[in-house]
Amino acid sequence: MQIGVLTSGGDSPGMNAALRTVAVVGIARGHRVIGIRRGYEGLLAADTVELSLAEVEGISRYGGTVLGSARSKEFPTPAGQAKAKQRVAELGLDALVVIGGNGSITGGHLLGEGRPCQIVGLPASIDNDIGHCGLAIGVDTAVNTIVEACDRISDTARAHRRAFLVEVMGRQSGFLAMRAGIAAEADAIVYGEQGDCGEDALVEELSAVLDRCFAPDRKKQRALIVKAEGVPVSSAVLAARLQKHLDEHHPGIDVRETVLGHVVRGGNPSALDRMIAQRLAFGAVLAVEQGAHDVMLGWDVPDDFGQATPDSFVRMVTIPEMLTETERLLDGTSPVVQRRIGLLEKVKDILAL
């Protein structure tokens, strides 16, 4: 078989480990593996490279993606779809493995209509906002990057007895803020799934947290608030209003704002991210051989949804099922999100002790 593979959308650490595994396993099992540069934009341009063993040697340790990524304006259009299917035929692809987030895998679903080739998606998104996937490729590295940054910030905060507001990525999902905030001993975690309570209510809630942290009978030297970027109050505004509260009630204590931004995307992938990527990619080659089409392989899928695979941690779900659950994750109606929120609510008042 001739198997194509591309990375699309936002990059995430571990993509290269997935690419290498698709290539190595594919070659070992007698297939030819074709890498497509720059995602769907590269597919439209037939910008490809054969992934030999030499081509992928040692790439698992690198962040980003050696094939590159791009967001294509042409691909989603009817003309772009027709052109992409024509390119699939010209390249002689029997299957295409798509490594990316829900938008990228949605692209694979659209491309797969009429079955010009088999489509298998692998979830890669640091936001962990992909349905029927317990942990997407890149999430663990991003969490560790945030925790390390918060640890460093806490060092300087303690030296000056300060409060820090750290904003992390997660426009529609607060998973990174939740997981990293707990690990970094944050005093408060703010995320979009809580709902828009209004700026005044949020300031009042966080001011109360700072009051507990810097109470006269406390010897606490720092306060840490971790905020997801999806919270509808800007970090700059929030920091300014919290500083006003501190000036009035705890003079001499400052609050600083830090936006981690895209630094969270970069860096060498953790051992866990490499392993998740490798096992998902191994499963992708097996799925292609079995004739699977319009499916995604998920890692540690909640509630054991989907079809079992030879790997007990990897399950196969259809892409339409993934997209439906993704909508529920993003609008907060998924039981997975409700459980996360419920757990955080139980420890909310404990965090600032």
Handout entry: Selection count, the stretch 180-192, where residues are assigned to a helix (DSSP H, G or I) and surrounded by fewer than 24 Cβ atoms within 10 Å (Cβ to Cβ)
Key = 3
Completion exercise
Scanning the stretch 263-274 for residues that are part of a helix (DSSP H, G or I) and in contact (Cβ under 8 Å) with a residue 40 or more places away in the chain, the one surrounded by the fewest Cβ atoms within 10 Å (Cβ to Cβ) turns out to be Val263
Exercise for the section: Specify the residue that is nearest to the chain's Cα centre (by Cα); the eligible residues are those in the stretch 132-179 that are basic (Lys, Arg) and not in a strand (DSSP E or B). Expected result: Arg171
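A quick yes/no check of all residues on (1) of a type outside the set (Val, Ile, Thr); (2) more than 25 Å from Ala17 (Cα to Cα); (3) surrounded by fewer than 16 Cβ atoms within 10 Å (Cβ to Cβ); (4) modelled with pLDDT of 95 or more:
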| position | (1), (2), (3), (4) |
| --- | --- |
| Ala281 | yes, no, no, yes |
| Ala284 | yes, no, no, yes |
| Trp299 | yes, no, no, yes |
| Phe313 | yes, no, no, yes |
| Pro320 | yes, yes, yes, yes |
| Thr324 | no, yes, yes, yes |
| Glu327 | yes, yes, yes, yes |
| Arg340 | yes, yes, no, no |
| Lys346 | yes, yes, yes, no |
Fill in the blank from the handout: Among (1) acidic (Asp, Glu); (2) outside the structural domain of His160 (by TED's automatic domain parsing); (3) part of a helix (DSSP H, G or I); (4) closer than 27 Å to Cys150 by Cβ, Asp349 falls short only on (3)
Problem - Some residue of the stretch 56-67 being among the basic types (Lys, Arg) and out of contact with any Leu (no Cβ under 9 Å at 6 or more places or on another chain) - result: yes
Completion exercise
Of Leu51, Leu122, the only residue that is over 30 Å from Arg171 (Cβ atoms) and buried (at least 24 other Cβ atoms within 10 Å of the Cβ) is Leu51
Exercise for the section: Starting from the stretch 93-114, keep only residues that are not assigned by TED's automatic domain parsing to the domain that holds Arg171 and charged (D, E, K, R), then list their pairs with residues that are in a strand (DSSP E or B) and at pLDDT 95 or above whose Cβ atoms are within a distance under 6 Å, requiring at least 6 positions of separation or different chains. Expected result: Asp94/Gln2
Handout entry: Boolean, Ala240 is more than 27 Å from the chain's Cα centre (by Cα) and either polar (S, T, N, Q) or not in a helix (DSSP H, G or I) (or both)
Key = no
Fill in the blank from the handout: When the stretch 17-48 is checked residue by residue, the ones that are assigned to a loop (DSSP other than H, G, I, E, B), buried (at least 19 other Cβ atoms within 10 Å of the Cβ) and on the phi > 0 side of the Ramachandran plot are Arg38
Practice task
Examine the stretch 68-78 for a residue that is under 26 Å from the mean Cα position of the chain (by Cα) and buried (at least 21 other Cβ atoms within 10 Å of the Cβ), and state whether such a residue exists.
Solution key: yes
Practice task
Identify, by number, the condition in (1) in a helix (DSSP H, G or I); (2) closer than 24 Å to Arg71 by Cβ; (3) more than 18 Å from the chain's Cα centre (by Cα) that Val120 doesn't meet.
Solution key: (1)
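Conditions (1) assigned by TED's automatic domain parsing to the domain that holds Pro13; (2) in contact (Cβ under 8 Å) with a residue 24 or more places away in the chain; (3) touching a strand residue (DSSP E or B) at 6+ places or on another chain (Cβ under 6 Å), marked per residue:
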residue	(1), (2), (3)
Thr145	no, yes, no
Arg152	no, no, no
Thr156	no, no, no
Glu167	no, yes, yes
Gly170	no, yes, yes
Leu176	no, yes, yes
Gly181	no, yes, yes
Tyr191	no, yes, yes
Practice task
Go through the stretch 49-69 and give me each residue that's touching a Gly at 6+ places or on another chain (Cβ under 6 Å), without any contact (Cβ under 8 Å) to a residue 40 or more places away in the chain and in a loop (DSSP other than H, G, I, E, B).
Solution key: none
Practice task
Go through (1) under 18 Å from the mean Cα position of the chain (by Cα); (2) assigned by TED's automatic domain parsing to the domain that holds Leu238 one by one and return the number of the condition Asp129 breaks.
Solution key: (2)
Practice task
Among what's in the stretch 158-176 and is crowded, with 20+ Cβ neighbours inside 10 Å and of a type in the set (Gly, Ala, Ser), pick the residue that is modelled with the lowest pLDDT.
Solution key: Gly170
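The values are calculated or read from the model by the stated rules, or taken from the named source; none is laboratory data. Remember, predicted model here, so these are calculated numbers, not experimental data. Ideal geometry is used to build each Cβ from the backbone, glycine not excepted, and the neighbour counts take in all protein chains shown.
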